[in-house]
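Below you'll find the structure, written out as structure tokens, and then a few comments.
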Amino acid sequence: MHRLAAVAPMEAKLVGALPEADGWTYEPKWDGFRAIASRDGDAVEILSKSGKSLRRFFPEVAAVLAATQSKRFVIDGELILPMGDILSFDALQARLHPAESRIKRLSIETPAQLMLFDCLSISADDLLDRPFTNRRQELEQFHSREGNAMLLLSTTTSDVQTAQAWLAHSGGALDGVVAKWDAAPYKPGERAMLKVKQRRTADCVVGGFRRSRDSRLVASLLLGLYDKAGKLNHVGFTSALANQDKAELTARLEALIEPPGFTGNAPGGPSRWNNGRESEWYPVRPNLVAEVKYDQVTGDRFRHGTAFLRWRPDKSPEQCRMDQLQYELRPSQLTDLQSTS
């Protein structure tokens, strides 16, 4: 394995706005698995952000790397997996499975892609100390030789207005935008880049709630959205509730307790959050509408907990539909945005 293959990826610091001075390059923040991919002769490796090997889980990507004309390289990128018109984080997670037969089948049915955005080494040249503009040139030359439908090159721009348009006009589909200082070297493990994350809001129906472990007060609200068939599907939760409001809110929810709560997909079953134990929840009549802020959507659900913003008594529960959810753009769609901005 190439000696630079195991370096910790350079990371980004979260900021409220993109820098607008000259000397910055902007690129989309794709939603996938960060990966340092390398080849050293016959040895090919794909390492995760934590340093664990992903090679066996993505054999189709490893095969593409092994077939390159270039025999020695270390490149930084993101493993992504398109499913129809969106990028599916669920499909990526499904690859982390112990059964080799399942991995092989999925690699054929739903092949992943590697989106490249930095270059650490080409041939015998160590590029860590080179400025980003130089590393990007090397990466573009590498991609011009080796690029294909599975080995992609991330879009970039030096125009901050274009980068701001990605955030404003992508329908919230991007995870965010990263800014890289053109003169900066590659700094393994350091937050040497800047990122602005896309935050989105949705109006959701409260279909149930969970209580605190040590009291009968509400701990979290279970959120739902209606599908085209009129079924209320569980899409996530919010636990960002003010302590001073919990007693009044608990009484309000208890007055609404009535099965089934959710008429489509419902909460239930063990999860990694409760150590595999069933977590009891209480169904309520779908009367309350809450506006929440979320980051990512995975498989018709909010991937993480949401932030409670406000109640929406002005909105009918039936107006809270699944079409509010915003998904990742395909790489080609972002290129179209760039050309029209």
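What are the residue pairs meeting all of these: first residue in segment 274-303, first residue closer than 24 Å to Asp314 by Cβ, second residue modelled with pLDDT under 80 and not in a strand (DSSP E or B), Cβ atoms under 7 Å, and 6 or more apart or on different chains?
Final answer for the pair search is Lys293/Arg199.
Could you pull out the residue among Ser88, Ser38, Ser121, Ser50 that is exposed (fewer than 13 other Cβ atoms within 10 Å of the Cβ) and among the polar types (S, T, N, Q)? Lay out the reasoning, then the answer.
Numbers: Ser88 fails: exposed (fewer than 13 other Cβ atoms within 10 Å of the Cβ); Ser38 fails: exposed (fewer than 13 other Cβ atoms within 10 Å of the Cβ); Ser121 fails: exposed (fewer than 13 other Cβ atoms within 10 Å of the Cβ).
None of the other options fit; the residue is Ser50.
Would it be correct to say that Arg3 is under 18 Å from Thr155 (Cα atoms) and surrounded by fewer than 18 Cβ atoms within 10 Å (Cβ to Cβ)? Don't jump to the end; show me each part of the working.
Working: under 18 Å from Thr155 (Cα atoms): no; surrounded by fewer than 18 Cβ atoms within 10 Å (Cβ to Cβ): yes.
Criteria not met by Arg3.
Restricted to segment 108-156, and to residues that are more than 20 Å from the chain's Cα centre (by Cα) and among the small types (Gly, Ala, Ser), which residue is nearest to Ser88 (Cα to Cα)? Quick ask: steps written out before the conclusion?
If we filter segment 108-156 for residues that are more than 20 Å from the chain's Cα centre (by Cα), which is where we start, we get 108-109, 119-149.
Next, only the ones that are among the small types (Gly, Ala, Ser) stay: 121, 123-124, 144, 147, 149.
Numbers: Ser121: 30, Ser123: 33, Ala124: 36, Ser144: 27, Gly147: 22, Ala149: 17 Å.
Only one residue tops the list, namely Ala149.
Got at least one residue in segment 306-321 being surrounded by 17 or more Cβ atoms within 10 Å (Cβ to Cβ), at pLDDT below 90 and under 30 Å from Thr162 (Cα atoms)?
Within segment 306-321, not a single residue is surrounded by 17 or more Cβ atoms within 10 Å (Cβ to Cβ), at pLDDT below 90 and under 30 Å from Thr162 (Cα atoms).
I need the full set of residues from segment 302-320 which are among the small types (Gly, Ala, Ser) and in contact with a Ser or Thr (Cβ under 8 Å, 6 or more places away or on another chain), in order please. Please lay out each step first, then the result.
Restricting attention to segment 302-320, the residues satisfying the condition of being among the small types (Gly, Ala, Ser) are 305, 307, 316.
Hits for segment 302-320 are Gly305, Ala307.
Restricted to segment 101-138, and to residues that are touching a residue at least 12 places away in the same chain (Cβ under 8 Å) and of a type in the set (Ser, Thr, Tyr), which residue is nearest to Pro59 (Cα to Cα)?
Only one residue fits best here, namely Ser107.
Under 7 Å between Cβ atoms, which residue pairs at least 6 apart in sequence (or on different chains) link something in segment 189-209 that is within 26 Å of Trp30 (Cβ to Cβ) with a partner that is of a type in the set (Ser, Thr, Tyr)?
Partner pairs satisfying both residue conditions: Arg200/Tyr294; Ala202/Tyr294.
Which of the residues spanning segment 55-97 are free of Cβ contacts under 8 Å to residues at least 24 places away in the same chain and under 23 Å from Glu138 (Cβ atoms)?
Ala62, Ala67
Can you find even one residue in segment 170-191 that is of a type in the set (S, T, N, Q) and over 30 Å from Pro317 (Cβ atoms)? Please lay out each step first, then the result.
Just the residues of segment 170-191 that are of a type in the set (S, T, N, Q), to begin with: 170.
Within this subset, residues satisfying the condition of being over 30 Å from Pro317 (Cβ atoms) are none.
Checking segment 170-191: not a single residue is of a type in the set (S, T, N, Q) and over 30 Å from Pro317 (Cβ atoms).
Out of all the residues in segment 33-54, which are of a type in the set (Lys, Arg) and either free of Cβ contacts under 8 Å to residues at least 24 places away in the same chain or part of a strand (DSSP E or B) (or both)? Break it down stepwise before answering.
The first filter runs over segment 33-54 and keeps only residues of a type in the set (Lys, Arg), leaving 34, 39, 49, 52.
The answer is Arg34, Arg39, Lys52.
Given the criterion outside any loop (DSSP other than H, G, I, E, B) and basic (Lys, Arg), identify the matching residue among Arg216, Arg252.
Arg252
Need the failing condition index for Ala165 against (1) surrounded by 19 or more Cβ atoms within 10 Å (Cβ to Cβ); (2) over 20 Å from Gly305 (Cβ atoms), just the number.
With respect to (1) surrounded by 19 or more Cβ atoms within 10 Å (Cβ to Cβ); (2) over 20 Å from Gly305 (Cβ atoms), Ala165 is out only on (1).
Could you look through segment 233-249, keep only residues that are part of a loop (DSSP other than H, G, I, E, B) and within 26 Å of Glu318 (Cβ to Cβ), and pick out the one that is farthest from the chain's Cα centre (by Cα)?
Our first condition is that a residue be part of a loop (DSSP other than H, G, I, E, B); within segment 233-249, this holds for 239-242.
Now narrow it down to the ones that are within 26 Å of Glu318 (Cβ to Cβ): 239-241.
On the way: Ser239: 21, Ala240: 21, Leu241: 25 Å.
So, considering only residues that are part of a loop (DSSP other than H, G, I, E, B) and within 26 Å of Glu318 (Cβ to Cβ), the one farthest from the chain's Cα centre (by Cα) is Leu241.
I'm trying to understand the selection: among the residues of segment 225-267, which are touching a Phe, Trp or Tyr at 6+ places or on another chain (Cβ under 6 Å) and either farther than 17 Å from His304 by Cβ or without any contact (Cβ under 8 Å) to a residue 24 or more places away in the chain (or both)?
Leu232, Leu253, Ile257 - these are the residues of segment 225-267 that are touching a Phe, Trp or Tyr at 6+ places or on another chain (Cβ under 6 Å) and either farther than 17 Å from His304 by Cβ or without any contact (Cβ under 8 Å) to a residue 24 or more places away in the chain (or both).
Could you tell me which of the residues Phe132, Phe142, Phe73 is under 16 Å from Ala35 (Cα atoms) and crowded, with 19+ Cβ neighbours inside 10 Å? Write out each step before concluding.
Numbers: Phe132 fails: under 16 Å from Ala35 (Cα atoms); Phe142 fails: under 16 Å from Ala35 (Cα atoms).
Unique residue meeting the criteria: Phe73.
The values are calculated or read from the model by the stated rules, or taken from the named source; none is laboratory data. Here the structure is a predicted model, which is why all the values come from computation and not from measurement. Note that each Cβ is placed from the backbone with ideal geometry, even for glycine, and that neighbours are counted across all protein chains shown.
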